Each structure stands twice: as structure tokens, then as C-alpha cells.
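Step one of this worksheet: look at the structure below.
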Amino acid sequence: MSKPIVQLKNITKIIRGKTLIDNMSLELFPGQITGFLGPNGAGKTTTIRLMTGLMHLTSGTITIEGASIADDYEKAIANVGVIVENPEMYKYMSGYKNLLHFSRMHNGVTKARIDEVINQVGLTKRIHEKVSTYSLGMRQRLGLAQALLHDPKFLILDEPTNGLDPAGIREFRTYLRKIAQENNVSIFVSSHLLSEIELMCDRVVVIQNGKLIDERMIQSDEKTRMQLKAEPSGVVENYLSSNGYVFTLHEGVFLLDLKEEKVPVLINELVAQQVQIFAISAVHETLEEQFLQMTGGGQIV
Amino acid sequence: MFSLIQNEWMKLWHKKGTWAILGILLLVIIGVGVLDKVTMEEVDTSNWKQEQQVQIDDANAQLKTPDLDEWSIQMYEEQKAMAQYRLDNNAAPQVNQSMEGNMAFGASIMVLITLLTVIPGASIVSQEFTDGTIKMLLTRPVSRFKILTSKLITIFLFGLSLIVLTIILTTAIGFILFGTATGIDLTIVDGVVQQTNTISDVFLTYVYSLGDFTMSILFAFFIGTVFSSPSIAIALSMLFLMMGPMIILLLQKYIPVEYIWLTHSDLTQHLTKEFFVEETTLSMSLTVLVIYAIVFLALSFMTFIKRDVKA
């Protein structure tokens, strides 16, 4: 694995005697999307505030590209794009003026770059209207735009899909994947939508009571179990067993071990045998089930 | 730093409140000028020499009254001296409103300008907290020190712009409506009659008013930064600005008020020589103000740089 871009070493945050983050360590890597999960009050937002320098550490260190957030803030944060909770913009100004405002705080963000980002997030038509007229989804897009302006190597997103419609969420997910892969950006996403995290992330870390309690990789593009509903079931059963598929039959639904890329082959074969296929879909133990198991069923939101 | 000030300036002028402030100031300046013009009665000044002679005769007659008290004697002596001076130097009195008079009016509304600058001064930091935009502003490769400095400079630029605008407008409106002064005002300093120079008086009033202006803005800025609530900050700064002398008079019995900035912030006391507590020197006043200014600034910067942002 490549060198981590972000390192949290034994970080602790105590406010008025209350330990919010307890000796936590975490590493984030370029090109990887890491999901950040935890029940209410687990310390997700506090961790993000510590990583962005909005709050000061009680002890421990956070380094981004080798620069310490505490000692070398301006250098460390120069590589970071942030959306903390809802992207609160200056509502009395246009989206464009907001971006212009933030671009002046970074080195080397040109007007052409602003236009490019506006185009990327799909706000070209309404960018010169006041932010107060924007829908929540449009504000999210503008929030993403301001986070991407300076081409950051590390992106922190707190509840980024909040307020986006399904098409928007999908587009957003694809876009994040793209910049992670093509620009080798490290992305850290906190969300309460577990299915969202599951679809978006390569890796998930779970926090509870200010401590990391689990960390695992997700292999979302290699779903190995499929469920199949097709009739007549005798023909299907016959075909599957004679072609060496591992499967079970339960109430007219077949569960079989099958890689995603093999699905079209199976469908073609079955259709050729006059089988009627009603549904085929991937089966996996959802992250939600795992998450509830880990955190003891606490509130997630 | 320039681009940060540019940012703050842009945000300031995108708020409706800023335009309302400008509107109020324009209304007062233009309104008072027009009102003065409408209500002004032109006084014929062609026979001013006879009038001055009447003044002298009147004073002489009054001075012959037996058992006249000391204060009245002084008053009639001064009346006589001034009239005599006018006759000797061919110096007609200024009776009608003039450009110079309108300029003096401009200097007299420095309190209003201060009040109007205190409003954005109190909210320029605190509103970022109540709007939640502070987290967008701070997660940039710019130190908190620079961000706060840019906000402070912007507010002073705003206030100074209002002052410059007032000077230009009162002069222009005064000139258009009334023309330059046709007469001369006199004062008596240490028993000697002197011609007053209105322009330099106006200039001095502006300069001495900067004491209250600066202290009120620094105080509002400090409260706005520490409490991060625009309404509390505006209310407190207004209270101190409007009721400053009253607060001092109330506190006078209990604490040594000469060490409170409110006693000194109105530097025009040194111009008029009318002190609302007791006479102090200009250097004493300036020392107290500088110390308080440093305290307000230090507290503003310390809280802003140290604080954990939860907004």
C-alpha cells in the first residue's frame, strides 16, 4: 500500500473534562475513499473539526502531506477541501461570488478554474443567482464546488449527499470515484446513509465513544452471490447443476455463487432454454447489519 | 491581505443593511441641507455698521447701571469689544447659513457616522458564526490572525469612507445651496477679540471626533468577536456609545472614572474645554485610550485565534 497522505496519531480532545476523542489513530491513503461511520455523538464531527483545524487538539498529532495541523496549519490545510455538515454559503451573494470569495483565499485558482468547477458540478445555469434562491441540492453542489476549487489532494466530506436527489447522489458518487482514481485524491466521507457509504467507499472505519472500533475494506465491485427468480424452476435447477454452479433453492428463488461479470453469460444460456427470468440481483450482507452488530444497535443518524 | 480585504468589502456591500446605513447618512445630510435652505430667512446685511454702533451704545448704557454683577459687566464689555473690532476691521457678521456652516454641521454628525459604523463593526465577525460560514472561511490556507485583521481593516475603511463622503457632500451641498460665507465670526480668547477660522475648526472637530469613532468601533468589534452574536454586540456598543457620559456620571461615586475609556473617548472635550467629569490633559486622555484599544484588540485576537469553532 502507498504512503498515507493523512495521519492521525493518538489524538485526544477533551472539552470541560469530557473526553470526546480518546487516543485515536487513523491513516488515510491517496486514491482511496474511506467511509466514516458512527452513532450519534460518537465523535465524527469532532474528528473532522480537529482534522480541519476548526478545533484544537488536546494531545496527539494530525499531519496532512507531512505538515502538522497544529504547527504548520496553512501548509497542511492548503491540500484539503472541506464540506463540514451543511455547506453554509453567503446567502446574500450569488454562487459565483461565493466561489470567487473562496478562490481568493487559495493560491493559483484562476477564473478558468472556477468556470471549470462550476461546469463539473452542473451549476452553470444558475451560478449568477443568489444562493438564498438555491435548493438544498444546489447548495450541496456549490459546497462541493468550493471544496474542489484548489484541486485538493485530500477531500473531507461530512454528510455530502444530504439533500441531493437520487440522480444527484449517483452522479456525485461517480464523480468522487473518478477524482479518487484519476487524480489520486484521498476522500474521507462521513455519512449516516450506510448503503451510500457501502456503494461509495473502498474502506470503512467505525467510531464509537471517541474510539475506532472497526476498520474494514469493502469489495463492492466483486459481489459473489446472486439471487435469481426464474421459471420453470425444474429447467433452471437442471441447467445449474449440470453446469457446476453452487446454488440453493428457497421458495422458488435460487441463491448461487456467481461473479458479476458472469451474469450475462448465465442469462443468455437460460434464455436459450426458454426460461423466463423475473429477477437477478446481488446478495450481500449489508453494511447496516454489520454496523448494528458492531455498535450494539445504537442510533446511527 | 489585499484579497482578503477585497473579500470582506464585497461581502459588506452585498448586505442590504450596508445600503440602508448609506441611505440614512445621505438622507440626513441632504435632508438637513434642504431644510436649512427652505427655512432660512435672508437677513439684509447692508446696514451692519449702524447695528454694530447700536450694540456699542447699548453696552455703554447698560454698564452705567449701578450694582451691576461681575458676569454682566464682562458680557457687556465683550459685546462692546467685538462690535468695536468689527467697525475697526470692516468685518461684517455672518448671519446667514453658508457653505462653512454646512461643513460644520457635517463635523457635528460624527456621532451618527460612528453609530452607523458600529453596526457592521459588531456583526462582521459574529455574523459569520451565526450563519455558519465561519467554518468555510477558516478552513483555508490563511491564518486566523490575517482573517481577523482583514475584517478590522475593512470596518475602518468603511467608517473612513463614510467620513470622506460626509465631508464632500456637506461641502458641495453647502456651496450649491448657500455659497461661501460673506461675513466673519468672532470669538474672545483670553480677553482678545479674534476672527474664527471655521474651516480649521471643522477640521479639528473631525480629527478630535476620531477618538470616539475609533474606540466605539474597537469596542463593538471586540464584543462581536467574543460573544459571536450580532444583536448582543450591536446593542452593547450602542448603549456604551449613546449612554457613555451617563454611565460615567453614575459610576463616578463608586470608582475612579478617570481610568475608564468612556471618560476620555470624546476628545472634543479638549477642543471645547468643557469636560463632563473634570479637566484632564490631552496626553492623559490619549494614554488611557491607547491602553484600552490595545486591551480590546488583544482580547479580540486571542479569543478568535484560540477558540474551538462549533458553529
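Where a number appears in this text, it was derived from the coordinates with a stated rule and is not lab data. Since the structure is predicted, the reported quantities are computational estimates derived from the model, not experimental observations. All Cβ positions, glycine included, derive from the backbone under ideal geometry; neighbour counts span all protein chains shown.
Of note:
- P(r) of segment A:225-283 over all Cα-Cα pairs, binned every 5 Å from zero, in whole percent: 4, 19, 37, 31, 8, 0
- Against the main long axis of the alpha-carbon atoms of chain B, helix B:48-63 sits at an angle near 80°.
- Other residues whose C-beta falls under 12 angstrom from the C-beta of A:G210 contribute a net charge of +3, scoring Lys and Arg +1 and Asp and Glu -1.
- Top of A:Q273, A:Q227, A:Q208 by mean-square fluctuation, Gaussian network on chain A, Cα under 10 Å: A:Q273
- Computed from Cα atoms, the angle from the helix B:16-39 axis to the main principal axis of chain B rounds to 10 degrees.
- Shape of segment A:77-167, Cα gyration tensor, a/c cut at 1.5: oblate
- Placing R0 at 35 angstrom, the Cβ-Cβ distance between B:S200 and B:K146 gives a FRET efficiency of 0.35 after rounding to 0.05.
- Helical mean residue ellipticity (222 nm; -39500 (n - 2.57) per DSSP H run of 4+; nearest 500) of chain B: -25000 deg cm²/dmol
- Antiparallel beta bridges, as assigned by DSSP with both residues in segment A:6-217, represent about 55 percent of the total such bridges.
- 13 Å beta-carbon shell around B:Q50, net charge (K/R +1, D/E -1): -2
- Percentage relative contact order, chain B, counting C-alpha pairs under 8 Å, at least six apart: 23 percent
- For segment A:46-63 versus segment A:178-192, the gap between their alpha-carbon centres in whole angstrom: 20 Å
- Under the combined filter of DSSP loop state and at most 11 neighbouring Cβ atoms within 10 Å, segment A:161-241 retains these GluC sites (Glu not before Pro): A:E222.
- Whole-angstrom gap from segment B:277-293 to segment A:102-136, using each part's C-alpha centre: 50 Å
- Whole-number percent relative contact order across segment B:14-97, with pairs defined as alpha carbons under 8 Å at least 6 apart: 38 percent
- Residue pairs, from the table B:K15/B:K135; A:K130/B:K146; A:K153/A:K259; B:K16/B:K273, whose Cα atoms sit over 29 Å apart: A:K153/A:K259; B:K16/B:K273
- Antiparallel DSSP beta bridges within the protein assembly as shown, percent to nearest 5: 70 percent
- Cα long-axis angle, helix B:110-131 against chain B (0 to 90 degrees, to the nearest 10): 10 degrees
- Percent RCO, i.e. relative contact order, over chain A, from Cα pairs under 8 Å lying at least 6 residues apart: 21 percent
- In loop segments of segment B:238-311 as defined by DSSP, the chymotrypsin sites (Phe, Trp or Tyr not before Pro) with at most 11 further C-beta atoms inside 10 Å of their C-beta are B:Y254.
- For segment B:9-26 and segment B:188-252, distance of Cα centres in Å: 22 Å
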